[in-house]
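Engineer: What follows is a structure written as structure tokens; I'll ask about it next.
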Amino acid sequence: MSYELTIEPIGQTIEVEEGQTILDAALRAGIWLPHACCHGLCATCKVQVTDGEVDHGEASSFALMDFERDEGKTLACCARLESDVTIEAEIEEEPDAETIPVRDFPGTVSRIEQLTPTIKGIFVELDEAIHFQAGQYVNVEIPGLGITRAFSLANVPSTGREIELNIRIVPGGAGTTYLHQQLKPGDRITISGPYGRFFVRKSAASASIFMAGGSGLSSPRSMILDLLEEGSTLPITLVYGQRTREELYYHDEFLALAEKHANFTYVPALSDEPADSDWTGFRGYVHEAAKAHFDNDFRDHKAYLCGPPMMIDACITTLMQGRLFENDIYTEKFFSAADAQQVRSPLFKRV
């Protein structure tokens with residue numbers, strides 16, 4: 001059984017299979033709807049149902065409150081149709097966005113590398129290459145568990161059929177525990193994608209600041225490698241934070257890139273490195289390192305922020321204090337169940 005979904009204001013109607021979410025059906029039809037966490041936690045994909053009935057699914061009571069449900073709102077990432085439905089969504093034109101329908105891509109795990117004590121690099125040789133924009137992510141089907149988890153693509157789009165995912169183990173997390181402890185080279189695995197609108201706004205021809213924490217380095221790495229591969233001569237700065245030196249992965253790669261490319265600057269920051277270590281770089285958090293490096297003046301830049309919500313919020317505050325505002329700041333937050341109760345900045349509702 002299937003139902004028809006009409007999406008306003010574009011007036012396009014698509015088929016939605018029974019049990020399929022509104023978001024999945026739209027993305028597979030090549031229609032972009034605003035979204036971020038894809039787990040009913042962040043409210044980025046909230047839409048207005050103007051006709052028909054939906055099941056709200058696993059939407060959290062924080063992201064979709066009772067009065068909003070009564071008003072006909074729903075979360076596209078969780079909602080499933082119970083009749084033909086019409087929705088209204090905020091769909092903004094992005095001149096740099098490519099229209100890439102979401103698809104499934106089976107593949108084989110080709111190798112696994114221990115990047116840090118808590119982060120593994122998982123490389124998958126896909127049966128067919130995936131086309132994506134640097135900065136986008138994929139959903140990984142966790143074998144045998146019936147769940148999916150989202151991970152950013154860390155490789156440059158030109159790599160070919162082998163993709164790289166940088167996966168941090170989450171204590172008690174079923175998906176990341178399986179990927180860290182049970183997945184092995186030779187295993188078959190399926191991803192779907194690409195997802196997201198976290199990519200470089202190249203048409204702006206602006207200097208770029210990338211601010212990342214933890215495994216949030218994945219997207220910025222892909223974006224930076226893509227820019228340098230294309231021969232960009234615009235200034236590119238990466239401010240990357242971890243707690244200690246052993247957690248700072250791809251450090252040597254970025255040092256080498258900074259030596260090779262005059263327009264690329266790398267600013268690593270450690271927030272909890274032992275005082276008696278030989279670390280000579282910045283000590284503190286990402287937003288503090290950025291503020292010091294740019295002398296609190298971020299004007300004429302585009303900023304791309306990737307990491308946990310608390311880091312993102314601190315970086316946004318610092319950027320705005322340094323006179324860079326909403327239209328020039330792009331974010332990708334990593335949401336877990338623990339983040340569901342965190343209040344999001346009212347100025348930054350969309351990725």
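Engineer: Using the structure shown, decide if Thr177 is part of a loop (DSSP other than H, G, I, E, B) and open to solvent by 10 Å² or more (accessible area, probe 1.4 Å).
Structural biologist: no
Engineer: I'm told Glu125 meets every condition in (1) more than 25 Å from Val49 (Cβ to Cβ); (2) touching a residue at least 40 places away in the same chain (Cβ under 8 Å) except one. Can you identify the failing condition by its number?
Structural biologist: So Glu125 meets the others, but not (2).
Engineer: Being polar (S, T, N, Q), open to solvent by less than 30 Å² (accessible area, probe 1.4 Å) and part of a loop (DSSP other than H, G, I, E, B) narrows it down to one of Asn155, Asn166, so name that one.
Structural biologist: Asn155
Engineer: Please list, ordered by first then second residue, the pairs with beta carbon atoms under 9 Å, 6 or more apart or interchain, first in segment 202-225 and at positive phi, second in a helix (DSSP H, G or I).
Structural biologist: Note: pairs meeting the criteria are Gly214/Glu247; Gly214/Met311.
Engineer: Within segment 229-242, track down each residue that is of a type outside the set (D, E, K, R), touching a residue at least 12 places away in the same chain (Cβ under 8 Å) and either open to solvent by 30 Å² or more (accessible area, probe 1.4 Å) or over 16 Å from Val267 (Cβ atoms) (or both).
Structural biologist: Ser232, Thr233, Leu234, Pro235
Engineer: Residues that are open to solvent by 10 Å² or more (accessible area, probe 1.4 Å), at least 2 per element: which strands (runs of 3 or more DSSP E) completely within segment 60-136 meet that?
Structural biologist: 85-88, 103-114, 119-126
Engineer: Inside segment 189-301, counting only helices (runs of 4 or more DSSP H) that do not spill past its ends, which hold 2 or more residues that are under 20 Å from Ala134 (Cα atoms)?
Structural biologist: Counting at least 2 such residues, we get 218-229, 251-260.
Engineer: Looking at (1) closer than 30 Å to Glu229 by Cβ; (2) surrounded by fewer than 15 Cβ atoms within 10 Å (Cβ to Cβ); (3) over 21 Å from the mean Cα position of the chain (by Cα), can you tell me which one Gly160 breaks?
Structural biologist: The number of the failed condition is (3).
Engineer: Further question: If a residue has to be among the basic types (Lys, Arg) and either touching a Leu at 6+ places or on another chain (Cβ under 7 Å) or open to solvent by 50 Å² or more (accessible area, probe 1.4 Å) (or both) to count, how many in segment 291-314 make the cut?
Structural biologist: Within segment 291-314, residues that are among the basic types (Lys, Arg) and either touching a Leu at 6+ places or on another chain (Cβ under 7 Å) or open to solvent by 50 Å² or more (accessible area, probe 1.4 Å) (or both) number 2.
Engineer: Mind listing whichever residues of segment 15-51 are buried (at least 16 other Cβ atoms within 10 Å of the Cβ), in contact with a Phe, Trp or Tyr (Cβ under 8 Å, 6 or more places away or on another chain) and either not in a loop (DSSP other than H, G, I, E, B) or not aliphatic (A, V, I, L, M) (or both)?
Structural biologist: Within segment 15-51, Val16, Ala26, Leu27, His35, Cys37, Cys38, His39, Cys42 qualify.
Engineer: Based on what the data block shows, is Leu23 of a type outside the set (D, E, K, R), under 25 Å from Gly216 (Cβ atoms), touching a Lys or Arg at 6+ places or on another chain (Cβ under 8 Å) and at pLDDT 95 or above?
Structural biologist: no
Engineer: Among the listed residues Val54, Val16, Val49, which satisfies the condition of being modelled with pLDDT of 95 or more, out of contact with any Leu (no Cβ under 9 Å at 6 or more places or on another chain) and among the aliphatic types (A, V, I, L, M)?
Structural biologist: Val49
Engineer: When the residues of segment 243-290 are narrowed to those that are of a type in the set (A, V, I, L, M) and open to solvent by 50 Å² or more (accessible area, probe 1.4 Å), which ends up farthest from the chain's Cα centre (by Cα)?
Structural biologist: Ala275
Each row is one residue, and each column tells you yes or no for (1) within 23 Å of Phe151 (Cα to Cα); (2) in contact with a Cys (Cβ under 6 Å, 6 or more places away or on another chain); (3) modelled with pLDDT of 95 or more; (4) basic (Lys, Arg).
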| residue | (1), (2), (3), (4) |
| --- | --- |
| Ser61 | no, no, no, no |
| Glu68 | no, no, yes, no |
| Leu75 | yes, yes, yes, no |
| Asp84 | no, no, yes, no |
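Engineer: Answer yes or no: is there a residue in segment 317-339 that is at pLDDT below 85, of a type in the set (A, V, I, L, M), closer than 18 Å to Phe62 by Cα and not in a loop (DSSP other than H, G, I, E, B).
Structural biologist: Yes: segment 317-339 contains one or more residues that are at pLDDT below 85, of a type in the set (A, V, I, L, M), closer than 18 Å to Phe62 by Cα and not in a loop (DSSP other than H, G, I, E, B).
The values are calculated or read from the model by the stated rules, or taken from the named source; none is laboratory data. Keep in mind that this is a model prediction, so the values were computed, not measured. Cβ: placed from backbone, ideal geometry, glycine included. Neighbour counts: every protein chain shown. Side chains included, ligands, DNA and RNA excluded: accessible areas come from the protein's heavy atoms. Shrake-Rupley method; radii C 1.70, N 1.55, O 1.52, S 1.80 Å.
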